[in-house]
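Below is one structure, written out as structure tokens; the observations come after it.
The values are calculated or read from the model by the stated rules, or taken from the named source; none is laboratory data. Keep in mind it's a predicted model, so treat the numbers as computed, not measured. Here the Cβ is made from the backbone with ideal geometry for all residues, glycine too, and neighbour counts use every protein chain on show. Heads up: the accessible areas ignore ligands, DNA and RNA and are worked out on the full protein's heavy atoms, side chains in. Shrake-Rupley method; radii C 1.70, N 1.55, O 1.52, S 1.80 Å.
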Amino acid sequence: PVMLAIAGDSAAGKTTLTRGIAAALGPARATTICVDDYHRYDRAERAGLDFTVLSPAGNYIEVMEQHLQLLALGRPVLKPVYDHSTGQLSRPVLVEPREFVLVEGLLPLHSKLTRACFDITVYLDPPEEIRRCWKLRRDTADRGYSREQVLQELDRREPESAAYIRPQRQWADICVRFAPAAGR
């Protein structure tokens, strides 16, 4: 399969872009996976930790690496599932690769091993003020957080974003930058 990675920070537009590409290719040709499903801890467990899901310590990176290698070879995997709406880890699902495998998430380009699996890599890099607005809107509307909780979490995540998320930009074949639209 052709392996495409879409990396970026939380609420950068990864899922939106992935869904659009998958729709354009059609369900018979595209498999999508989110590597955020490889979180080690559910939302309640993470509350007491000194790192966030942006850190490799909060994710099963080795399992993700193995699964991406298998998918790149055209082999199916039994992928974990993290439900963003509830913050719970769910039952794994069987993922069968198709002609195109679209991989999105926070850390798809984190390791040399994962980067080697991809034919095309994209990093989404909206201006911070736009990304923060998107995150506030999504997390308050879809995930049940208050505005204050989202802003506190953004501040808490910033050091790990700088350490683990933004460095992935250097390994992207394509970097997508957004610009504010007048009146929006």
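Looking at (1) among the aromatic types (F, W, Y); (2) within 26 Å of W134 (Cα to Cα); (3) touching a residue at least 60 places away in the same chain (Cβ under 8 Å), which is the one condition that is false for Y82? Result: Y82 passes all but (3).
Yes or no, residue by residue, for (1) open to solvent by less than 60 Å² (accessible area, probe 1.4 Å); (2) out of contact with any His (no Cβ under 9 Å at 6 or more places or on another chain); (3) closer than 21 Å to I21 by Cα:
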residue: D83; (1), (2), (3): yes, yes, no
residue: V93; (1), (2), (3): no, yes, no
residue: E96; (1), (2), (3): no, yes, yes
residue: T121; (1), (2), (3): yes, yes, yes
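What number of residues within segment 14-34 are in a helix (DSSP H, G or I) and under 10 Å from V103 (Cα atoms)?
Number of matching residues: 3.
Screening A72, A30 for residues that are in contact with a Phe, Trp or Tyr (Cβ under 7 Å, 6 or more places away or on another chain), of a type in the set (G, A, S), more than 23 Å from D155 (Cα to Cα) and open to solvent by less than 70 Å² (accessible area, probe 1.4 Å) leaves exactly one candidate, A30.
Close Cβ contacts (under 6 Å, 6 or more residues apart or on different chains) running from residues in segment 87-103 that are more than 22 Å from G58 (Cα to Cα) to residues that are open to solvent by less than 90 Å² (accessible area, probe 1.4 Å) and polar (S, T, N, Q) comprise P97/T31; R98/T31; V101/T31; L102/T18; L102/T32. Looking across segment 109-119 at every residue that is in a helix (DSSP H, G or I) and open to solvent by 20 Å² or more (accessible area, probe 1.4 Å), the one that is farthest from P27 (Cα to Cα) is identified as K112. Within segment 47-54, one or more residues are of a type in the set (A, V, I, L, M, F, W, C), more than 21 Å from Y123 (Cβ to Cβ) and touching a residue at least 60 places away in the same chain (Cβ under 8 Å). Any idea which residue in segment 149-178 is modelled with the highest pLDDT, counting only those that are open to solvent by less than 80 Å² (accessible area, probe 1.4 Å) and assigned to a loop (DSSP other than H, G, I, E, B)? Looking at residues that are open to solvent by less than 80 Å² (accessible area, probe 1.4 Å) and assigned to a loop (DSSP other than H, G, I, E, B), I get A172.
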